[in-house]
1. Given the options ALA229, ALA272, ALA261, name the one that is crowded, with 16+ Cβ neighbours inside 10 Å, more than 29 Å from ARG152 (Cβ to Cβ), modelled with pLDDT of 90 or more and not assigned by TED's automatic domain parsing to the domain that holds ALA34.
2. Quick check on ARG152: is it within 23 Å of PRO69 (Cβ to Cβ), in the same structural domain as ALA39 (by TED's automatic domain parsing), of a type outside the set (Asp, Glu) and touching a residue at least 40 places away in the same chain (Cβ under 8 Å)?
3. Residues of segment 51-100 being exposed (fewer than 11 other Cβ atoms within 10 Å of the Cβ) and modelled with pLDDT under 85, which ones?
4. Suppose we filter ARG352, ARG370, ARG345, ARG364 for residues that are farther than 18 Å from GLN259 by Cβ and either among the hydrophobic types (A, V, I, L, M, F, W, C) or free of Cβ contacts under 8 Å to residues at least 60 places away in the same chain (or both); which single one remains?
5. What's the number of the only condition in (1) closer than 20 Å to GLN44 by Cβ; (2) touching a His at 6+ places or on another chain (Cβ under 8 Å) that GLN153 fails to meet?
6. Report, by residue number, each residue of segment 70-91 that is closer than 14 Å to ALA185 by Cα and not charged (D, E, K, R).
7. Restricting attention to segment 303-333, which residues are farther than 25 Å from ARG437 by Cβ and surrounded by 13 or more Cβ atoms within 10 Å (Cβ to Cβ)?
8. Which one of these is more than 19 Å from VAL33 (Cα to Cα), surrounded by 18 or more Cβ atoms within 10 Å (Cβ to Cβ) and of a type in the set (Gly, Ala, Ser): SER104, SER189?
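The values are calculated or read from the model by the stated rules, or taken from the named source; none is laboratory data. Keep in mind that what you see is a predicted model, and the values were worked out from it rather than measured. Ideal geometry is used to build each Cβ from the backbone, glycine not excepted, and the neighbour counts take in all protein chains shown.
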Amino acid sequence: MIAKVVHGWRPAGLLAYLFGPGRHEEHRDPRVVASWDGAPWLHQPDKLRAVVLDGEVLEPGEFDLDLRPLIVTMQELAQLAGLPVTNPPAITPQWADHLAAGASLPRDAPAWVRHYRYDPRRKAVVLRPGYVWHCPVRLHPDDPILSDVQWRQIAQRLMQATGIHQAGCRWIAVRHADDHIHLVATLVSEDTGRRFHPYRDFPKLRVACQQLEREFGLVRTAGADRTAAPAPTRSEVGKAQRHGRVVTAREQLRRVVAQCAATAPDGGQFLAELAGEGLDPRPAHDRAGRVWGYTVALPGDLTADGRRVRYSGSALAPDLTWPTLTTRWASTPAVGPISRTGQGRVAPAERRAALSHATAVAERAAALVRHRGEDVDGITHATGELLAALSRAREGGQSGPLSGVAGCYDRAARTPHRVLPADLGPVARELRLAARRLGAVGALSGRGQETLATVTLLVALASLIAEIAAWLQHHGRSHQATAATTAARTLPTLAHTAATRAGPSTERRPAAHPAPPSTPELPTPAAPGRRTIDRPSTRSPGRRPT
């Protein structure tokens with residue numbers, strides 16, 4: 001059960017959407033299933049009356065509802081408190097400069113100016129969050145369909161968890177689909193007549209959703225640990241669909257930036273590689289001239305007025321902010337000199353050596369995870385960097401199967417409640433060094449002995465990630481363990497495909513030609529002193545076990 005909170009200023013606009021057909025005619029039978037006064041049936045909009053046109057009686061349709069009484073009820077307290085019921089006017093340059101300067105507003109300032117504030121992080125004047133509190137609550141696709149009575153119980157529990165119900169605010173729950181409801185509240189207290197500001201409503205909703213999952217037997221979701229990457233907005237998803245893109249601009253930028261961050265040795269090279277990918281990086285400087293942030297933009301992703309849509313590192317992922325990246329680069333040993341041919345190209349032997357080094361480190365890391373020889377959080381995060389570096393070397397800037405595995409594993413690589421692991425041991429640093437070295441040798445050709453070395457690395461990574469999955473499961477991080485297990489099961493299949501495409505030269509080396517594994521169960525935590533780990537198979541097709 002997932003709940004997401006957004007704020008707005010237009011009660012009528014939100015209600016018209018919730019009781020309307022939807023953007024793609026996806027709404028069905030919109031109805032109020034819960035309300036602040038315990039009488040949702042009193043707030044259900046009535047059907048409009050039939051209309052006689054040219055002697056023909058036109059009966060109202062499914063969405064021909066009289067919303068006026070409900071709109072009046074939901075925005076009445078806001079109007080009494082002097083709050084607007086539509087979006088405030090656009091800020092003028094004069095008042096924007098006034099707010100940016102930090103000066104107090106004069107008494108003759110328009111009332112709507114107080115709804116704006118200066119955001120130092122964005123370095124712009126922005127509209128404050130509105131008093132219209134909107135929270136969609138959605139179930140997992142595998143969850144059963146709940147009744148209106150069950151959704152009423154859920155809505156009541158969630159609104160009490162946020163404190164909105166106890167504050168005397170008016171709220172309703174609207175259902176127009178089987179798998180979700182919409183909670184709508186006007187954040188003005190009926191007791192005080194003043195605007196109410198919920199305290200930490202999202203974390204409280206997360207805890208309440210997990211409790212409801214246990215009580216109703218729903219699919220369990222992970223707790224909020226502030227490490228998840230920002231999800232694409234509805235407008236970004238719609239824009240990607242209109243342009244025929246499989247993923248949104250935010251998701252594509254996240255993948256490419258993560259790959260560049262994993263392979264770059266420092267900030268200067270990182271920005272240069274972003275520029276080479278066509279992302280037009282723009283560093284932000286403080287007053288002393290030091291870089292404190294950056295933004296990137298995807299080619300062809302434009303605003304209505306033709307400007308490129310830019311995203312900061314924090315808008316992509318918590319571990320892609322500039323301060324976090326500089327910490328990662330500082331903790332990685334420097335890559336030694338890379339030998340090149342007379343034409344300036346990286347020698348094939350150098351590429352094979354980089355792959356062999358990464359394989360050896362991955363095997364050593366797997367043994368350490370198995371025997372608790374080093375902080376596993378550090379190894380887990382560094383393994384994600386090695387995956388990102390390998391996907392870039394194999395697939396370039398294009399999305400492929402290996403970058404898909406890296407994206408799946410990203411959920412497992414995060415340290416809960418932290419951006420980076422607290423301790424980075426020697427082998428974790430070696431994993432990061434192996435990622436930087438793969439970035440230094442550049443693209444992998446995918447031919448001959450180089451393919452054999454790549455297949456061996458894929459098998460080693462599968463074994464390492466399987467060990468990480470078992471460790472995560474043992475420590476109660478079931479959702480991270482699931483992500484790691486999925487990645488570990490996919491890598492041998494990619495290794496098998498790479499070996500098959502390489503031809504007979506690699507098929508004579510059966511140890512590096514793994515068969516696609518069956519679908520084993522998730523790794524289970526072993527008893528103390530003994531471990532049972534779900535390792536991907538490394539046997540060749542047709543080779544009998546001895």
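1. None of the others qualify; the one that does is ALA261.
2. yes
3. Of everything in segment 51-100, those that are exposed (fewer than 11 other Cβ atoms within 10 Å of the Cβ) and modelled with pLDDT under 85 turn out to be VAL52, LEU53, ASP54, GLY55, GLU56, VAL57, GLU59, GLY61.
4. Exactly one of ARG352, ARG370, ARG345, ARG364 is farther than 18 Å from GLN259 by Cβ and either among the hydrophobic types (A, V, I, L, M, F, W, C) or free of Cβ contacts under 8 Å to residues at least 60 places away in the same chain (or both), namely ARG345.
5. (2)
6. Answer for segment 70-91, where residues must be closer than 14 Å to ALA185 by Cα and not charged (D, E, K, R): LEU70, ILE71, VAL72, THR73, MET74, GLN75, LEU77, ALA78, VAL85.
7. ARG308, VAL309, ARG310, TYR311, SER312, SER314, ALA315, PRO318 - these are the residues of segment 303-333 that are farther than 25 Å from ARG437 by Cβ and surrounded by 13 or more Cβ atoms within 10 Å (Cβ to Cβ).
8. Result of the check over SER104, SER189: SER189.
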